[in-house]
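Enquirer: Structure below; questions to follow.
The values are calculated or read from the model by the stated rules, or taken from the named source; none is laboratory data. Computed from a prediction, not measured in an experiment: that's the story for all the values here. Heads up, the Cβs are rebuilt from the backbone with ideal geometry, glycines too, and the neighbour counts pull from every protein chain shown. Please note that ligands, DNA and RNA were not included when accessible areas were found on the heavy atoms of the full protein model with its side chains. Shrake-Rupley method; radii C 1.70, N 1.55, O 1.52, S 1.80 Å.
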Amino acid sequence: IGVGLVGFGLFFILFGMLLYFDSVLMAFGNILFLSGLVFIIGFRRTFTFFFQRPKLKGTSFFLGGVVIVLMRWPLLGMLLEAYGFINLFR
C-alpha cells in the first residue's frame, strides 16, 4: 500500500507540474507521498527522520512548502519543497 501511495503521489506531483503547476494535483500528490512514506517506514521512524536536530532546517522548508502548495501557491511551494528535500537527503 505504501509503495503504491508514494508512486501515485509522485505521479500526481509530476502531472501537476506538467499542467503548469496545478495546485490541486500537486497538493494531492504531496498528501499521497507523505502518507505513503508513513505506510512504508512507520509513523515513529518517519517522525524521527524528519525531526532530527541536524535536519530541522530541511524539514521546515519541506513541510512549509507542502503547506504553501496547500494554500494554492504551487510554484513557491515546490521551490521550498525542493530546497528542503535537498537539505534533508544530502
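Enquirer: For the stretch 9-20, enumerate the residues that are open to solvent by 70 Å² or more (accessible area, probe 1.4 Å) and in contact with a Leu (Cβ under 6 Å, 6 or more places away or on another chain).
Expert: 15
Enquirer: A follow-up question, please. Please work out which one of (1) of a type outside the set (Lys, Arg); (2) more than 12 Å from the chain's Cα centre (by Cα); (3) assigned to a helix (DSSP H, G or I) is the condition residue 60 fails and give its number.
Expert: Residue 60 satisfies all of (1) of a type outside the set (Lys, Arg); (2) more than 12 Å from the chain's Cα centre (by Cα); (3) assigned to a helix (DSSP H, G or I) except (2).
Enquirer: What are the pairs with Cβ atoms under 8 angstrom where one residue, in the stretch 55-83, is under 12 Å from residue 27 (Cα atoms) and the other, located anywhere, is of a type in the set (Gly, Ala, Ser) and surrounded by fewer than 16 Cβ atoms within 10 Å (Cβ to Cβ)? Sequence gap at least six, or different chains.
Expert: Listed by first residue and then by second, the contacts come to 65/82.
Residue-by-condition table, conditions (1) out of contact with any helix residue (DSSP H, G or I) (no Cβ under 9 Å at 6 or more places or on another chain); (2) open to solvent by 40 Å² or more (accessible area, probe 1.4 Å); (3) closer than 22 Å to residue 90 by Cβ:
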site	(1), (2), (3)
6	no, no, yes
23	no, no, no
28	no, yes, no
43	yes, yes, no
54	yes, yes, yes
61	no, yes, yes
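Enquirer: Select, from 39, 12, 28, 43, the only residue that is of a type in the set (Phe, Trp, Tyr) and within 17 Å of residue 64 (Cα to Cα). Explain how you work it out, then say what you get.
Expert: On the way: 39 fails: within 17 Å of residue 64 (Cα to Cα); 12 fails: within 17 Å of residue 64 (Cα to Cα); 43 fails: within 17 Å of residue 64 (Cα to Cα).
From the options 39, 12, 28, 43, the qualifying one is 28.
Enquirer: Go through the stretch 1-27 and report how many residues are of a type in the set (Phe, Trp, Tyr) and more than 18 Å from residue 76 (Cβ to Cβ).
Expert: Total meeting the criteria: 4.
Enquirer: Are any residues in the stretch 46-57 of a type in the set (Phe, Trp, Tyr) and part of a helix (DSSP H, G or I), and if so, which ones?
Expert: Result: 47, 49, 50.
Enquirer: Another question, if that's okay. With modelled with pLDDT of 95 or more and in contact with a Phe, Trp or Tyr (Cβ under 7 Å, 6 or more places away or on another chain) as the only criterion, which of 76, 32 stands out?
Expert: 32
Enquirer: I'd like the full set of residues that are touching a Ser or Thr at 6+ places or on another chain (Cβ under 9 Å) and in contact (Cβ under 8 Å) with a residue 40 or more places away in the chain, limited to the stretch 16-53.
Expert: Correct list: 16 only.
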